[in-house]
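This report refers to the structure that appears directly beneath it.
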Amino acid sequence: QVQLVESGGGLVQAGGSLRLSCAASGRTFGRYAMAWFRQAPGKEREFVAAISKSGVTTYSADSVKGRFTISRDNVVNTVYLQMNSLKPEDTAVYYCAADPYNSVSSRGTAYDYWGQGTQVTVSS
């Protein structure tokens, strides 16, 4: 069992940066792969980035490669998403998710636990 709480969303101009955080409960955080997904209005949930339990392996969607970076701190049970060069099409609710099997998957079905989401709005 793990609870996830996202924070750091907000309104930013195109080209700007934002850092999202996802705080997790429980001592098992360091055993889970973590990921960020996003969902824009009227669109399907989309994979953004994932990171292995150790933080050694990361995997990002092509749409955010070179702009977004996922990282984690297992001491404070937090995963981060650093978003640079933001575009209006990045506007979405961003969710973090946890996979106890450490799959580092791009598929939402691989993740057992989800946060409530944080809104990111990028103005043009």
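The values are calculated or read from the model by the stated rules, or taken from the named source; none is laboratory data. Just so it is clear, the structure is predicted and the values come from calculations on it, not from any experiment. Counting neighbours? That spans all protein chains shown, and the Cβs are built from the backbone with ideal geometry, glycine included. Calculation scope for accessible area: heavy atoms of the full protein, side chains included, ligands and nucleic acids excluded. Shrake-Rupley method; radii C 1.70, N 1.55, O 1.52, S 1.80 Å.
The sole residue among V93, V104 that is on the phi > 0 side of the Ramachandran plot, among the aliphatic types (A, V, I, L, M), in contact with a strand residue (DSSP E or B) (Cβ under 7 Å, 6 or more places away or on another chain) and open to solvent by 20 Å² or more (accessible area, probe 1.4 Å) is V104. Count of the stretch 33-59 residues, restricted to those that are touching a residue at least 40 places away in the same chain (Cβ under 8 Å), surrounded by 15 or more Cβ atoms within 10 Å (Cβ to Cβ), aliphatic (A, V, I, L, M) and within 20 Å of G9 (Cβ to Cβ), is 5.
Quick check on my filter: what residues within the stretch 24-55 are out of contact with any Cys (no Cβ under 9 Å at 6 or more places or on another chain) and hydrophobic (A, V, I, L, M, F, W, C)? Answer for the stretch 24-55, where residues must be out of contact with any Cys (no Cβ under 9 Å at 6 or more places or on another chain) and hydrophobic (A, V, I, L, M, F, W, C): F29, A33, A40, F47, V48, A49, A50, I51. Would you check if D90 is acidic (D, E) and either over 20 Å from G108 (Cβ atoms) or in contact with an Asp or Glu (Cβ under 9 Å, 6 or more places away or on another chain) (or both)? So D90 does not fit the description; no.
Given the criterion modelled with pLDDT of 95 or more, under 18 Å from C22 (Cα atoms) and either assigned to a loop (DSSP other than H, G, I, E, B) or of a type in the set (V, I, T) (or both), identify the matching residue among V93, V122, V64.
Values: V122 fails: under 18 Å from C22 (Cα atoms); V64 fails: under 18 Å from C22 (Cα atoms).
The conditions single out V93.
Candidates are the residues of the stretch 4-17 that are under 16 Å from the mean Cα position of the chain (by Cα) and surrounded by fewer than 17 Cβ atoms within 10 Å (Cβ to Cβ); the one that is farthest from Y111 (Cα to Cα) is S17.
Tell me, yes or no, whether the stretch 18-32 has at least one residue that is out of contact with any Leu (no Cβ under 9 Å at 6 or more places or on another chain), basic (K, R) and surrounded by fewer than 15 Cβ atoms within 10 Å (Cβ to Cβ).
From the stretch 18-32, those out of contact with any Leu (no Cβ under 9 Å at 6 or more places or on another chain) are 26-32; that's our starting set.
From what is left, the residues that are basic (K, R) are 27, 31.
Checking the rest, the ones that are also surrounded by fewer than 15 Cβ atoms within 10 Å (Cβ to Cβ) come to 27.
Yes, because at least one residue in the stretch 18-32 is out of contact with any Leu (no Cβ under 9 Å at 6 or more places or on another chain), basic (K, R) and surrounded by fewer than 15 Cβ atoms within 10 Å (Cβ to Cβ).
Looking at V79, V122, which is the one that is closer than 20 Å to Q1 by Cα and touching a residue at least 24 places away in the same chain (Cβ under 8 Å)? Spell out how you get there, then give the answer.
Numbers: V122 fails: closer than 20 Å to Q1 by Cα.
Selected residue: V79, the only one of V79, V122 that is closer than 20 Å to Q1 by Cα and touching a residue at least 24 places away in the same chain (Cβ under 8 Å).
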